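The values are calculated or read from the model by the stated rules, or taken from the named source; none is laboratory data. Just so you know, these numbers come straight off a predicted model, no measurement behind them. We place every Cβ from the backbone using ideal geometry, glycine too, and count neighbours over all the protein chains shown.
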Amino acid sequence: MTRRSVIAQLGAITSLLSIGSTTSAFAGPVGREIERLISKIDELSGSLRGELISVADWRAGIDELLSSVPETDLMAGIDFDGLASKIGFAELGVTTARVDFGSDETRTLNFLPKIFAVDTGRSIIPHGHANMVSAHLPLTGAFRLRQYDQVVRDTRSLIIQPTVDRLIGAGDLSSIGEDDDNVHWFIAEEPSYTFDVIVTGLADEADHQFEIFNLDMEAAEPNGNGRLRVPTMSVSEALRKYG
Ligand SMILES: [Fe+2]
């Protein structure tokens, strides 16, 4: 399925929805724009969890949707200033907050919207995933982003293949697949924030279990064909070493 067709197909469905139409916390033209965006992300993520679209389609669709809205509009729509001042920065690693959309507590989204705050030199520690995918949009700041395919996983290590190593700034979306680009590592070059779309329950719509594998990248060993075997480590160890 092409990028265009993913979103075009969703458009036909979304027009039938009235999510948040009476209880919306979004006001004015920007509010409506962000409400439409959230509905589309929700629908795309629901389609992924329901196995109507592939992970590749989801990644392409999220990219298209998030690039259609200026970061400043998104920040206004999610009360970025309020969230950022509430969570501050962590001395190691990140602080995060769930983004709340509107007053309709009964509404359940197919994705978890969050913001991450990462101070200069701090990082979203290197890690891989199972049974989840995510997308990360820098809102302000800059990161060195590295990503790797997850090739093989055993109980103590992951074999990974480098795919991305670049500087990113506001608007440079990155996402992970189930295997492709599944491992990521962000080091903030300046005080930075991301808007994150997280989808769990890929294997079973009713089960939101997922796993995170923190990686000791300094202990990586070559595994042939440019691949690396990297031991896993606990969150506390990983934060001490890489946070
Ligand atoms: Fe992650």
Does segment 189-197 include one or more residues that are acidic (Asp, Glu), away from the ligand (no atom under 12 Å from the Cβ) and at pLDDT 95 or above? yes
Gln209 passes all but one of the listed conditions (1) within 16 Å of the ligand (Cβ to nearest atom); (2) over 23 Å from Asp73 (Cα atoms); (3) surrounded by 14 or more Cβ atoms within 10 Å (Cβ to Cβ); (4) not acidic (Asp, Glu); the exception is number (3)
Expected single match for surrounded by 14 or more Cβ atoms within 10 Å (Cβ to Cβ) and either over 22 Å from Ala170 (Cβ atoms) or modelled with pLDDT under 90 (or both) among Ser54, Ser15, Ser21 is Ser54
Heads up, the strands (runs of 3 or more DSSP E) in segment 73-184 (entirely inside) with at least 1 residues that are more than 13 Å from the ligand (Cβ to nearest atom) and surrounded by 15 or more Cβ atoms within 10 Å (Cβ to Cβ) are 95-98, 112-118, 132-140, 142-153, 157-169
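Does at least one position in segment 102-110 carry a residue that is touching a residue at least 40 places away in the same chain (Cβ under 8 Å) and touching a helix residue (DSSP H, G or I) at 6+ places or on another chain (Cβ under 7 Å)?
To start, the set of residues in segment 102-110 that are touching a residue at least 40 places away in the same chain (Cβ under 8 Å) comprises 102-104, 107, 109-110.
With touching a helix residue (DSSP H, G or I) at 6+ places or on another chain (Cβ under 7 Å) added as a condition, the list becomes 109-110.
Checked against the condition, which is being touching a residue at least 40 places away in the same chain (Cβ under 8 Å) and touching a helix residue (DSSP H, G or I) at 6+ places or on another chain (Cβ under 7 Å), segment 102-110 yields at least one hit.
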Those residues of segment 149-173 that are among the hydroxyl-bearing types (Ser, Thr, Tyr) and under 28 Å from Asp73 (Cα atoms) come to a total of 0
So, first residue touching a residue at least 12 places away in the same chain (Cβ under 8 Å) and of a type in the set (D, E, K, R) in segment 122-148, second residue part of a loop (DSSP other than H, G, I, E, B) and more than 10 Å from the ligand (Cβ to nearest atom), Cβ within less than 7 Å, six or more apart or across chains; the pairs are Arg122/Ala90; Arg122/Leu92; Arg122/Gly93; Arg122/Val94; Arg122/Gly243; Arg144/Glu189
Restricted to segment 199-238 and to residues being assigned to a loop (DSSP other than H, G, I, E, B) and among the small types (Gly, Ala, Ser), the residue nearest to Pro113 (Cα to Cα) is Gly201
Filtering segment 198-243 down to residues that are β-branched (Val, Ile, Thr) and modelled with pLDDT of 95 or more yields Ile198, Val199, Ile212, Val230, Thr232, Val235
Considering residues that are surrounded by fewer than 17 Cβ atoms within 10 Å (Cβ to Cβ), in contact with a helix residue (DSSP H, G or I) (Cβ under 8 Å, 6 or more places away or on another chain) and not acidic (Asp, Glu), the number found within segment 213-240 is 1
Subset of segment 216-238, residues of a type in the set (Gly, Ala, Ser) and touching a Leu at 6+ places or on another chain (Cβ under 6 Å), comes to Ala220
